[in-house]
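Novice: Encoded as structure tokens, here's the structure I'll be asking about.
The values are calculated or read from the model by the stated rules, or taken from the named source; none is laboratory data. What you see is a predicted model, and the numbers here were worked out from it, not measured in a lab. Positions of Cβ are generated from backbone atoms using ideal geometry, with glycine treated the same way; all protein chains shown enter the neighbour counts. Ligands, DNA and RNA are stripped out before the accessible areas are found, and what is left, the full protein with its side chains, is counted by its heavy atoms. Shrake-Rupley method; radii C 1.70, N 1.55, O 1.52, S 1.80 Å.
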Amino acid sequence: MGMHTRPRCARTSCMLPREVGYARPSNLPEALALLAEADGVRALAGGQTLVSVMKARVASPDALVDLGALEELRGIELRPDGGLEIGSMTTLSEIVGSPEARARPILPEVCVQIADTQVRNRGTIGGNICANDPTNHLPPLMVALGARMTVLGPGGERTVEADEFFLGVYMTAVATGELLTRVTLPPGRRDGFASVTIGVDGTCLVSAVATLDNEPRIAIGCVAAVPHRPRALERRLGEGLDADEARAAVRGLGATLDPPGDVHGSADYRRALAEVVVARAITQAGARGNR
């Protein structure tokens, strides 16, 4: 199965992607073969991020491999240990409506906050993660929950911990010719998420996730190219702080961060927001332990 190209746009001044090849494989081996044809081939999941950046000419792949027909990449399974295994092409709406996903309640709770219904109907968990836009909701969630990513390529299958998966803006451990096939989440319930977004349905200015099951973990989004873990704060939480002590421990966290500034907020504003959303996430996670 080869690549097909679309007709050229007659209006060269319009903000549309340049001419690009397209293929829609019917199985995983075919998809991997197409991805291996050239360095400029990209996988297309829901397209909610990739198509937008292509329109802005921030990304210009030579060809797209549409994964929409690969049913083996869909679905949510409850594991024997109480954790979850989620196919990378599972949509955000499917996660929100899944009884199995409620085994880790924070996952559907965060997914329902992403954009609007139209986006969630098309956007996938794998696409949101692999885009690794710092303003996305799911990368910090994966890091805080200790997710494991299963990646398939010509050399076989490998597992990557979330801490090692996100490499930079729009960069992950999924190499050329590889695909993220599933996401595995450990069991747990004492989780919290908080964010400040650009408008009601917008992307995050700053976000934070805290989990207090077993070893406390925190991940902050939008303050660096990849989700940031404040290790010193995690260690303090591991000492068994009460709610007031935890809030006090968060004070001064912003001074340890070096976030970017842009039209939506200065670096100082993001530092201040980080302390607020981290405190809220910890409070939410702690409250779940009292239910």
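Novice: Of all residues in segment 230-274, which are under 17 Å from Ala194 (Cα atoms), open to solvent by 50 Å² or more (accessible area, probe 1.4 Å) and in contact with a helix residue (DSSP H, G or I) (Cβ under 9 Å, 6 or more places away or on another chain)?
Specialist: Once the filter is applied, which keeps residues that are under 17 Å from Ala194 (Cα atoms), open to solvent by 50 Å² or more (accessible area, probe 1.4 Å) and in contact with a helix residue (DSSP H, G or I) (Cβ under 9 Å, 6 or more places away or on another chain), segment 230-274 yields Ala243, Arg247, Arg251, Arg271, Ala272.
Novice: If Glu72 satisfies every condition in (1) modelled with pLDDT of 95 or more; (2) under 19 Å from the mean Cα position of the chain (by Cα) but one, which is the exception?
Specialist: Here Glu72 clears every test but (2).
Novice: Which residue pairs have Cβ atoms closer than 9 Å, lie 6 or more positions apart in sequence or on different chains, and pair a first residue in segment 156-170 that is more than 17 Å from Gly126 (Cβ to Cβ) with a second residue that is surrounded by 15 or more Cβ atoms within 10 Å (Cβ to Cβ) and among the β-branched types (Val, Ile, Thr)?
Specialist: Asp163/Val143; Gly168/Val226; Val169/Val226
Novice: Assess whether Gly47 counts as being in a loop (DSSP other than H, G, I, E, B), under 30 Å from Gln284 (Cβ atoms) and either in contact with an Asp or Glu (Cβ under 9 Å, 6 or more places away or on another chain) or in contact (Cβ under 8 Å) with a residue 60 or more places away in the chain (or both).
Specialist: Criteria not met by Gly47.
Novice: Could you tell me which of the residues Val206, Val183, Val278 is touching a Cys at 6+ places or on another chain (Cβ under 8 Å), surrounded by 19 or more Cβ atoms within 10 Å (Cβ to Cβ), at pLDDT 95 or above and closer than 30 Å to Ser88 by Cα?
Specialist: Sole residue among the options that is touching a Cys at 6+ places or on another chain (Cβ under 8 Å), surrounded by 19 or more Cβ atoms within 10 Å (Cβ to Cβ), at pLDDT 95 or above and closer than 30 Å to Ser88 by Cα: Val206.
Novice: To continue, here is another question. Going by the conditions given, is Thr159 open to solvent by 30 Å² or more (accessible area, probe 1.4 Å), of a type in the set (S, T, N, Q), over 20 Å from Leu92 (Cα atoms) and in a loop (DSSP other than H, G, I, E, B)?
Specialist: Criteria not met by Thr159.
Novice: Of all residues being out of contact with any Ser or Thr (no Cβ under 6 Å at 6 or more places or on another chain) and of a type in the set (S, T, N, Q) in segment 45-89, which is farthest from Leu28 (Cα to Cα)? Just the residue, please.
Specialist: Selected residue: Ser52.
Novice: Now a separate question. Give segment 77-97 a look and list any residue that's touching a strand residue (DSSP E or B) at 6+ places or on another chain (Cβ under 9 Å) and open to solvent by less than 30 Å² (accessible area, probe 1.4 Å), or say none.
Specialist: If the condition is that a residue be touching a strand residue (DSSP E or B) at 6+ places or on another chain (Cβ under 9 Å) and open to solvent by less than 30 Å² (accessible area, probe 1.4 Å), then Gly83, Leu84, Ile86, Gly87, Ser88, Met89, Thr90, Thr91, Leu92, Ile95 are the ones that fit.
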